[in-house]
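Written below as structure tokens is the structure these notes are about.
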Amino acid sequence: NAHGFDEFFGFLSGAHDYYSNVSDGPPDLYENETPVEPSGYLTDEITRHALGFIMRHAGGNGPFFLEVAYNAVHWPFEQPDRPPTEGEGSPPRPLRQMPDDSMPATRADYVRMLERADRGVGEILAALGRLGLERNTLLIFTNENGGDWLSRNAPLFHRKGTLWEGGIRVPLI
């Protein structure tokens with residue numbers, strides 16, 4: 001909110017758990033300036049808040065700006081729709097995951113996370129269409145870096161965290 005946004009839902013740190021409020025530091029999920037507890041998978045929560053924002057502002061007196069900043073697909077690689085008891089009684093996956101971890105994530109986890117973010121973008125686009133806003137909306141889709149170790153960046157070389165093209169080239173649609 002201190003940076004000019006009227007509303008905020010999200011986190012301020014880097015890696016953030018998709019089911020709990022665990023991050024790189026103290027609990028870090030906010031609605032405006034109020035700490036909140038997650039009630040579901042974080043990607044779905046971000047989509048839900050984005051849809052609510054669109055509904056509240058669609059019939060307003062002028063244009064509105066919405067930035068939807070998913071953390072998917074980012075560590076920890078936690079797939080959506082995890083059974084509620086999974087992870088209970090065992091140590092949680094670390095926030096930063098690498099191929100040599102004792103419990104490495106899989107490409108299937110990564111793909112399911114990406115599909116959930118893709119579904120969220122589709123829900124946002126559908127809402128704009130239902131409200132007749134798609135012809136008067138500028139939509140920009142981009143990413144902060146190249147794919148991580150579970151992605152396939154071919155034909156680009158390497159991945160996130162490097163200065164090779166696979167690490168710094170990002171989509172911009």
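Among (1) in contact (Cβ under 8 Å) with a residue 24 or more places away in the chain; (2) among the hydroxyl-bearing types (Ser, Thr, Tyr); (3) loosely packed, with under 14 Cβ neighbours inside 10 Å, where does residue 41 come up short?
Evaluating residue 41 over (1) in contact (Cβ under 8 Å) with a residue 24 or more places away in the chain; (2) among the hydroxyl-bearing types (Ser, Thr, Tyr); (3) loosely packed, with under 14 Cβ neighbours inside 10 Å leaves (3) as the failure.
Answer with yes or no whether residue 71 is in a loop (DSSP other than H, G, I, E, B), modelled with pLDDT under 95, of a type in the set (S, T, N, Q) and open to solvent by less than 40 Å² (accessible area, probe 1.4 Å).
yes
Give the residues of region 138-173 that are in contact with a helix residue (DSSP H, G or I) (Cβ under 8 Å, 6 or more places away or on another chain) and surrounded by 15 or more Cβ atoms within 10 Å (Cβ to Cβ), sorted by residue number.
Across region 138-173, the qualifying residues are 145, 146, 147, 148, 150, 151, 153, 156, 158, 159, 160.
What are the pairs with Cβ atoms under 8 angstrom where one residue, in region 93-107, is open to solvent by 50 Å² or more (accessible area, probe 1.4 Å) and the other, located anywhere, is among the basic types (Lys, Arg)? Sequence gap at least six, or different chains.
103/93
Cβ-Cβ under 7 Å, sequence separation 6+ or interchain: first residue in region 145-157 and touching a residue at least 40 places away in the same chain (Cβ under 8 Å), partner surrounded by fewer than 18 Cβ atoms within 10 Å (Cβ to Cβ) and outside any loop (DSSP other than H, G, I, E, B). Which pairs?
Final answer for the pair search is 150/107.
From 112, 152, grab the single residue that is basic (Lys, Arg), over 24 Å from residue 7 (Cα atoms) and outside any loop (DSSP other than H, G, I, E, B).
Sole residue among the options that is basic (Lys, Arg), over 24 Å from residue 7 (Cα atoms) and outside any loop (DSSP other than H, G, I, E, B): 112.
Between residues in region 112-137 that are open to solvent by 70 Å² or more (accessible area, probe 1.4 Å) and residues that are part of a helix (DSSP H, G or I) and of a type in the set (A, V, I, L, M, F, W, C), which pairs lie under 6 Å by C-beta distance while being six or more apart or on different chains?
As it stands, the answer is 134/128, since those pairs meet every condition given.
Among the candidates 156, 125, 163, 172, which residue alone is under 25 Å from residue 47 (Cβ atoms) and modelled with pLDDT of 90 or more?
125
Restricting to region 12-38, count the residues that are surrounded by 15 or more Cβ atoms within 10 Å (Cβ to Cβ) and not in a loop (DSSP other than H, G, I, E, B).
3
The values are calculated or read from the model by the stated rules, or taken from the named source; none is laboratory data. Since this is a predicted model, take the numbers as computed values, not measurements. When we count neighbours, we look across all protein chains shown, and the Cβ atoms used for this are built from the backbone with ideal geometry, even at glycine. When the accessible area is computed, the model is the full protein with side chains, heavy atoms only, and any ligands, DNA or RNA have been set aside. Shrake-Rupley method; radii C 1.70, N 1.55, O 1.52, S 1.80 Å.
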